[in-house]
């Protein structure tokens, strides 16, 4: 099992990853999160865990780029839940919702990867081949004049015997 990486944040705002012995950026932290790497960010001076604050900073930077996830309406709704009796429930609800969303996203991605791996053309080709086999099977059984008697076409009929 991989150990948790420790990243130290210094007063000059620089981040030092003790796992790889080099300074890292906020974007490096984002990549760690995306890859599922376990880490903890601590204040180099006080040893206080500041992981949550840094993750919020990552979110803020991402929100400034492209289309934000947190619209003004969503942010207002989140703020309304603070201090409410349901705040703990909201945390649990959001976590479960995101877990379900990510699970569904992973399933769709696997299905798309499978389709791209085999290619849409090969999927259609495979369907066409199955349909052709089915059609040939139907022709051999359903459209043969005497499907159960294979000798009959070579034999003379009962009236010819005599």
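When residue 61 is tested against (1) more than 28 Å from residue 106 (Cβ to Cβ); (2) surrounded by 12 or more Cβ atoms within 10 Å (Cβ to Cβ); (3) modelled with pLDDT under 95, just one condition goes unmet, and that condition is (1).
Each residue in the range 35-51 was checked for being under 15 Å from residue 4 (Cα atoms) and exposed (fewer than 10 other Cβ atoms within 10 Å of the Cβ), and 2 of them qualify. If you go through the range 29-52 and pick out every residue that is under 30 Å from residue 106 (Cα atoms), touching a strand residue (DSSP E or B) at 6+ places or on another chain (Cβ under 9 Å) and touching a residue at least 12 places away in the same chain (Cβ under 8 Å), you end up with 10.
Looking across the range 16-29, just one residue is surrounded by 12 or more Cβ atoms within 10 Å (Cβ to Cβ) and farther than 14 Å from residue 5 by Cα, and that is 26.
The values are calculated or read from the model by the stated rules, or taken from the named source; none is laboratory data. None of the values given here were measured: they were computed from a predicted structure. Here the Cβ is made from the backbone with ideal geometry for all residues, glycine too, and neighbour counts use every protein chain on show.
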